[in-house]
Each structure stands twice: as C-alpha cells, then as structure tokens.
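The values are calculated or read from the model by the stated rules, or taken from the named source; none is laboratory data. Bear in mind that the values here come from a model prediction, so they are computed numbers and not experimental data. In this analysis, Cβ positions are derived from the backbone assuming ideal geometry, glycine residues included, and neighbour counts consider all displayed protein chains. Calculation scope for accessible area: heavy atoms of the full protein, side chains included, ligands and nucleic acids excluded. Shrake-Rupley method; radii C 1.70, N 1.55, O 1.52, S 1.80 Å.
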Amino acid sequence: MNGLWTIPISSVISLSPDQAVTISRAILRSECSYSKLSPSVLTISDKLMTPDGGIDAEVCVPNGLKVQSDCIFQTGITGFQIKSGTTFQPWVFSSIRDELLNSKGELGSEVIRLIQHHGHYSLICTGHDLIPEQRNKAKDLISEIFLKKGFEGYQGDINVLGARQIAEFAERYPGVASLLMTDPIQEAWTLEEWQYDAHMTNVFEKSPEQTNIITYIRRGLQGETKHIRVLGKAGLGKTRIVLEALKDEAISPYVLYIQHGSQLGQTKFFRQILRSGYDKPLILVLDELPEDELSDIWRHLKPRCGYLKIVSMDHGQDETRDEEIDRINAPYLPDDTIKKILSHRVGQSLEIDRWAENLRRIPKSCSSGCR
C-alpha cells in the first residue's frame with residue numbers, strides 16, 4: 001500500500017478473464033515506463049481463446065538495459081501466465097498440471113522456449129489472496145513439473161503472484177489503481193476521467209505551435225524536468241494542450257489532474273503526499289494555480305520531486321524566480337486553426353472568416369471548449 005490510495009482485494013479477486021488481462025497489461029506497461037523501457041519489450045494480446053503455448057504475456061529486456069529492482073519482471077525474458085477466478089488453485093497439483101501440460105502431457109511450446117532461453121516464469125493468479133504456504137507450494141509444483149520434463153534447477157526463476165501482489169503493483173500507478181478502486185482518488189481525476197470531462201471531448205485541432213509544445217512537455221516529463229508551468233490568457237487551450245501531451249502511453253498511467261490547483265494545499269490528498277514518501281512515478285497536473293498560491297505548494301513539493309513531477313497552469317502573470325520551473329507560454333491560435341474549430345461547431349458558413357477575425361482579436365473567446 002502506497003499511502004495515497006488503497007485497492008480492495010475483493011476488486012482483484014472478482015476479475016473476469018478479460019479484466020485480468022486488462023489489469024495485467026496496464027501494470028506491465030506502467031512497469032516498463034517505470035524502468036524507462038520501450039513499450040516494444042512487452043507482448044500481450046486480448047485473444048484469450050487463441051492457443052498461446054502456455055504464456056499470455058512476455059517482457060523481453062535486452063541484456064545491458066537496467067530494470068528497477070522492485071519491478072514485476074527482470075532483465076532477460078519474463079513470461080507471464082494469467083489466471084483468474086477461484087476455481088484455479090495453484091497450490092493444488094491438478095491445477096498446475098492442467099495449466100502447464102497439454103493433452104499429450106507436454107509442456108506448452110512457449111514455456112519450453114522460455115526455459116531454453118533461461119527466462120523467468122511468473123504465474124499471476126488474481127482469484128486468490130495467497131498465503132505464503134500456498135505461494136511456496138505453487139512454486140514447488142511448477143518446479144517439480146519442469147524437473148520431470150528435463151529442466152532442473154529452475155525454482156529460482158519461478159514466481160507466483162496472487163491478488164495481494166497484483167493490488168500492490170496496481171497501487172503504484174493512479175491510472176491503473178483507478179480501474180480497481182471502488183472510490184475515486186480524493187480531490188483528483190485520473191487522465192481517463194479528465195479526458196471525458198465535457199470541456200475536453202471536442203475535436204482538438206492542433207496548430208504547429210501547439211504540436212511543438214506537446215512534444216516539449218512529453219520530453220520534459222520523460223526526462224529530468226521537475227516542474228513545467230504553462231502560462232497564457234484564458235481561452236488559449238492550455239488545459240487541452242497539457243491533456244494531449246499526457247495521453248502518451250509512457251506518461252498517462254502516472255497522471256492525476258487537480259482542477260483547482262490553488263486549493264490543493266488545503267486537501268487531505270496534499271497532506272498524504274507530504275507524509276507518504278511516495279517513490280513511484282506520479283505526475284500532478286495543477287490547473288488554475290496562480291502565482292500567489294504556487295510558491296507555498298512548490299515549497300513543499302519541490303524537495304519531493306524526482307519520481308514526482310508537476311505540470312501547473314495559470315492565466316495570470318508569473319514573476320517567480322526558480323530555475324527548476326520550466327515555463328512555457330501558450331501560443332495564440334492561427335486563423336486557419338480557429339476556422340477548423342468553428343467548422344466543427346457550426347458547420348461550413350460564409351461567416352466563418354469574419355468570426356475567426358473577431359475571435360483572433362479577443363483571444364479569451366477563441367476556445368474550442370478548452371480552458
């Protein structure tokens with residue numbers, strides 16, 4: 001448990017096969033980003049009924065690339081078999097036998113390939129909150145079958161994960177945790193919740209300048225930047241630009257959006273952040289955070305920045321002096337972008353050129369549903 005949010009074990013135990021794969025994929029993708037690995041190292045499919053040779057997902061980390069020591073996978077190849085429901089009992093020999101061996105009593109082709117490549121075998125069992133005896137028994141049974149098939153000395157490369165372990169991995173990432181939580185994260189939205197807000201659902205017509213800023217924000221958040229601050233008059237689409245930047249799969253699981261950033265300091269969530277010592281990737285997006293409120297919040301969060309990163313926005317002036325805050329000015333929209341936005345709203349009209357000219361003169365009104 002990370003101290004910021006808690007996943008009830010019952011939410012993991014009740015997962016259907018489809019849901020178990022969805023959660024496993026979200027965790028594996030997030031763990032890849034946590035270790036700064038390309039998404040290409042992960043292979044996982046939704047095709048549950050397709051014969052898979054005994055492996056549902058595989059993470060292949062090339063030699064020489066570092067994996068975080070507390071990651072769900074290791075350097076080299078890690079193969080995952082995903083089982084949901086309570087009928088599969090991994091501490092019972094018949095369950096393990098029927099999972100590993102086909103009707104001819106042979107190991108699955110992908111399991112054999114994994115062993116031959118000295119990979120790590122992980123069995124995910126979402127249907128049970130396993131006690132140590134059950135986990136150890138399951139590992140012993142898997143090792144026993146491998147030994148009978150001619151592969152000895154493999155026990156150290158076998159792992160079994162139950163509902164508790166899956167919940168704890170999911171709790172590392174707000175976007176993953178939200179898929180399993182019965183109550184929303186206090187005072188914050190995940191990226192998925194944020195992007196379905198009515199103001200964020202209109203078609204986004206990017207100008208070249210906005211595209212450059214989106215790329216800049218992504219690079220900064222995946223690099224060493226601690227705090228990106230986007231400034232500009234109301235109506236320039238600052239919030240929408242930031243949202244589009246954070247939709248990247250390497251970033252999105254870590255995002256929490258605070259609509260009224262100026263109120264963050266008075267929330268229980270803020271106090272939890274200060275107390276938790278949270279050490280996994282977390283991107284706090286603080287909208288509507290004026291300069292006079294920024295200094296106090298930043299004073300508390302700055303020493304905690306590292307895995308924690310901040311994106312703040314405001315439409316007022318900002319004369320604070322801190323080299324660790326990377327400031328970006330939101331660009332005005334060019335006429336052709338404004339015209340495209342208006343066309344989505346009202347269709348084609350002979351009046352669009354005139355309207356676009358008027359909106360260009362009053363930037364705070366030229367919003368496509370963005371703040």
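Tabulated values for the structure
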item: GluC sites (Glu not before Pro) restricted to DSSP loop in segment 120-165 with at most 12 other C-beta within 10 Å; result: Glu152
item: Percent of beta bridges antiparallel (DSSP, the chain, rounded to nearest 5); result: 25
item: Neighbourhood net charge (14 Å Cβ-Cβ; Lys/Arg +1, Asp/Glu -1) for Ile96; result: +3
item: Where chymotrypsin sites (Phe, Trp or Tyr not before Pro) fall in DSSP loop in segment 181-243, at most 15 other Cβ within 10 Å; result: Tyr196
item: Segment 47-188 - convex hull of the alpha-carbon atoms, volume per residue in Å³; result: 141
item: Rel. contact order, % - alpha carbon contacts under 8 angstrom, at least six apart, the chain; result: 17
item: Stretch gain in nm, segment Arg97-Glu291, where the contour uses 0.36 nm per residue and the Cα spacing is subtracted; result: 63.5 nm
item: Inter-part distance where segment 242-288 and segment 28-51 are each reduced to a Cα centre, Å; result: 25
item: Given (1) 24.4, 80; (2) 21.3, 70; (3) 25.7, 83, the label whose value is Rg and Dmax of the Cα atoms in Å derived from this model; result: (1)
item: Hz values of 3J(HN,Hα) by residue in segment 19-31 - Karplus curve (6.51, -1.76, 1.60), Gly and Pro given as x; result: 5, 4, 5, 4, 5, 4, 4, 4, 5, 5, 4, 5, 5
item: Apportionment of accessible area to carbon and sulfur, segment 1-61, percent (1.4 Å); result: 58
item: Average accessible area per residue (Å²) across the chain - probe 1.4 Å, nucleic acids and ligands excluded; result: 48
